[in-house]
Amino acid sequence: MSVKLSNFTNDDRKIIERLGNFSVLEHIRDMSIAPDNAVTQYYMSEMGVRRRQLVVDLDGSNSLVTQAGAMQWLFGDINATTGIKGVGDLFGKMVRGAVTKESAVKPEYVGRGRIVLEPTYKYILLQDVSEWGRAGMTIEDGMFLACDGTVEHSIAARTNLSSAVAGGEGLFNLSLKGLGIAALESNVPASELITVDLENDVLKLDGSFAVCWSTSLQFTVERSSKSLIGSAVNGEGLVNVFRGTGRVLISPTAPYTGSLYQTTHN
């Protein structure tokens, strides 16, 4: 059995990044548009606001876990499974999905062939999970797109839950660790993300600017000043605090959550 693939990439669609068996296909110029929005699409493309798709090749020795509903098309001898290994595993995934705003059961694809995921206007970040250390990486809600089947999923909780509630932050986030590649959907391109490496130090952020961070870091939500009066005077209120040794990727601007970023699988 063989497949001949033609015109997958051309002058309008190019592979812009590769990591392991993961690739990012970018639509440089979108020709499938209506006349009444051609001008808007032109300036969007000029500003780098383009459709992107994750492409993953499977050789039989690896598998792919995706967000539910993310697959657009595939070819080859590939089968989709639930990835559930028993009742306990199902319960754990349901709990994890409920608290992290991710789909509870993520399909797992096994076999040989190629998988292409649905297009998104978000930027696709490819991360080698092993480079985040033994504890792995924790990601902001809604960023997970796909990962190798060898990557482990777990829940990372805030250290002080009461202040997280007061600060309007979620109590839990999805944590990834182990060997393999993870693909994340980001509102900000990798070229604009700020990397902060801490060594027994403290990082404070006034808002949800952290895209992902080392799970080994202690993450809390605290008052910006030691006293309530001090917090009121400096106008900052509550801040996100990261303590310890590890890495934090920071967005330079507040996340955009407009309708353009509402993809079909979210």
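Points worth noting:
- Residue within the range 58-68 that is buried (at least 17 other Cβ atoms within 10 Å of the Cβ), modelled with pLDDT under 95 and over 14 Å from Asp148 (Cα atoms) present: no
- Subset tally (residues that are over 30 Å from Asp12 (Cβ atoms) and without any contact (Cβ under 8 Å) to a residue 40 or more places away in the chain) for the range 48-84: 5
- Count of the range 12-70 residues, restricted to those that are in a strand (DSSP E or B) and of a type in the set (Gly, Ala, Ser), is 4.
Each row is one residue, and each column tells you yes or no for (1) among the basic types (Lys, Arg); (2) closer than 28 Å to Asp30 by Cβ; (3) modelled with pLDDT under 95; (4) buried (at least 21 other Cβ atoms within 10 Å of the Cβ).
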site	(1), (2), (3), (4)
Asn160	no, no, yes, no
Ser163	no, no, yes, no
Leu171	no, no, yes, no
Val188	no, yes, yes, no
Ile194	no, no, no, no
Leu198	no, no, no, no
Val202	no, no, no, no
Ala210	no, no, yes, yes
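- Residue count for the range 223-266, restricted to those that are surrounded by 16 or more Cβ atoms within 10 Å (Cβ to Cβ), of a type outside the set (Ser, Thr, Tyr) and at pLDDT below 90: 6
- Criterion violated by Val3 - all others in (1) under 18 Å from Gly111 (Cα atoms); (2) among the hydrophobic types (A, V, I, L, M, F, W, C); (3) in a strand (DSSP E or B) satisfied: (3)
- So Ile78, is it more than 22 Å from Glu185 (Cα to Cα), assigned to a strand (DSSP E or B) and among the hydrophobic types (A, V, I, L, M, F, W, C): yes
- Those residues of the range 1-28 which are touching a Phe, Trp or Tyr at 6+ places or on another chain (Cβ under 9 Å) and modelled with pLDDT under 95, in sequence order: Val3, Leu5
- Unique residue being within 18 Å of the chain's Cα centre (by Cα) and buried (at least 16 other Cβ atoms within 10 Å of the Cβ) when the list is Met44, Met71: Met71
The values are calculated or read from the model by the stated rules, or taken from the named source; none is laboratory data. Being a predicted model, the structure only gives us computed values, none of them experimental. FYI the Cβ positions are ideal-geometry reconstructions off the backbone, even for glycines, and counts take in every protein chain you see.
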